[in-house]
Structure formats: C-alpha cells, structure tokens
Amino acid sequence: MKNVKTEIREYLSPIDINNFVGLTLTLKQGLDGYMLNKDRCTQNLRHFMNVINKKFYGNAFKRYGKRLQIFPVIEKSKEGRYHYHMIIERPSDRCINDFIHLIETEWVKTHFGHRQIHLDQFIDFDLMESGSSSNG
C-alpha cells in the first residue's frame with residue numbers, strides 16, 4: 001500500500017504548483033457556546049471559499065461554477081486545536097499582496113476564523129518528505 005505522501009503527490013501531479021500558494025488557517029476553538037468540531041470546520045471553510053470565489057469571479061462563480069481550486073487538510077494538534085493546511089490556487093490576474101490581504105480580511109470575518117494565518121508563496125513538495133509528522 002502506498003503511503004499518504006506518495007498518494008498526495010500523484011493526485012496533485014497534473015497541477016501546475018506554481019499557480020498555488022500554501023496556506024495555514026487557524027480556527028477559534030469555541031464561540032458563543034459552540035465548540036468547534038470537524039463539521040463546523042468544514043462549514044466555516046466552505047463559507048470562506050464561497051466569499052472568496054464570489055469576490056474573484058463575481059456572478060461567474062454561481063452561473064458557471066468558476067472557483068479557485070483548493071486542496072485542504074484539517075488537522076488537530078496534540079493540544080486538540082483544529083486548523084487547516086492547504087494549497088490554494090492563486091488567481092493569475094491578481095497581485096499576490098491583494099490576494100493575501102483578501103484572505104486575511106475575509107478569514108477573520110468567518111464565524112470560527114482566527115487571526116493567525118500563514119501563507120507560503122512557494123510550495124516545495126520535497127519538504128513534505130522531511131517535514132513534521134501529521135499529528136499536528
């Protein structure tokens with residue numbers, strides 16, 4: 001059986017990685033009496049991506065299904081904190097600084113979006129081989 005990293009590499013191999021950025025999004029672990037769980041993480045990310053796609057593509061987002069491609073992975077740290085690691089397509093017609101600003105401003109507007117965000121403009125899959133374990 002193949003290991004997870006090999007499967008991810010194969011899955012992403014047709015994608016031009018130069019058009020993507022690495023992104024880590026943190027989440028508030030509870031808010032207004034609701035504790036965060038995987039379903040709420042998913043809902044929060046879906047809402048965020050709907051907002052981002054609407055801002056980039058306007059009506060074409062709903063009419064024609066235009067959207068940024070993402071590959072998200074939800075992770076729970078040893079301390080029990082949920083967060084996302086993902087690669088997200090960078091719109092070719094946008095300045096990277098505008099893109100970063102939009103991500104930062106819109107993520108914190110979501111219900112569970114936390115202000116701590118990390119974006120890597122260059123993705124190196126070789127780092128995955130020597131990177132940290134998937135435990136968080």
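What follows is calculated from the coordinates using simple rules that are stated; it is not laboratory data. Here the structure is a predicted model, which is why all the values come from computation and not from measurement. Note that each Cβ is placed from the backbone with ideal geometry, even for glycine, and that neighbours are counted across all protein chains shown.
Here is how the numbers come out for the structure above:
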| quantity | calculated |
| --- | --- |
| Label-to-label distance, nm, for residues given as Q121 and T42 (7 Å Cα→Cβ offset) | 3.5 |
| Segments 66-72, 42-48, 21-27 sorted - mean Cβ within 10 Å per residue, highest first | 21-27, 42-48, 66-72 |
| Extended-chain gain in nm, criterion 0.36 nm per residue less alpha-carbon gap, E75 and Y11 | 21.1 nm |
| In the stretch 1-93, GluC sites (Glu not before Pro) in a DSSP loop with at most 12 other beta-carbon atoms within 10 Å | E79 |
| Local electrostatic count, T110, Cβ distance below 14 Å [Lys/Arg +1, Asp/Glu -1] | +4 |
| Surrounding net charge for C41, when Lys and Arg each add one and Asp and Glu each subtract one, Cβ distance under 12 Å | +4 |
| Most mobile of D32, D98, D16 in a GNM of the chain (Cα contacts under 10 Å) | D32 |
| Computed [θ] at 222 nm, deg cm²/dmol, the chain (DSSP H ≥ 4; -39,500 (n - 2.57); rounded to nearest 500) | -11500 deg cm²/dmol |
| Calculated over the stretch 9-57: convex hull of Cα atoms, volume per residue (Å³) | 123 |
| Where only C-alpha atoms are counted, convex hull volume of the stretch 1-102 per residue in Å³ | 149 |
| Equivalent ellipsoid, the stretch 29-86 (semi-axes from 5 times Cα gyration tensor eigenvalues, Å) | 27, 13, 7 |
| Relative compactness, the stretch 56-112, computed as alpha-carbon Rg over 2.2 N^0.38 Å | 1.36 |
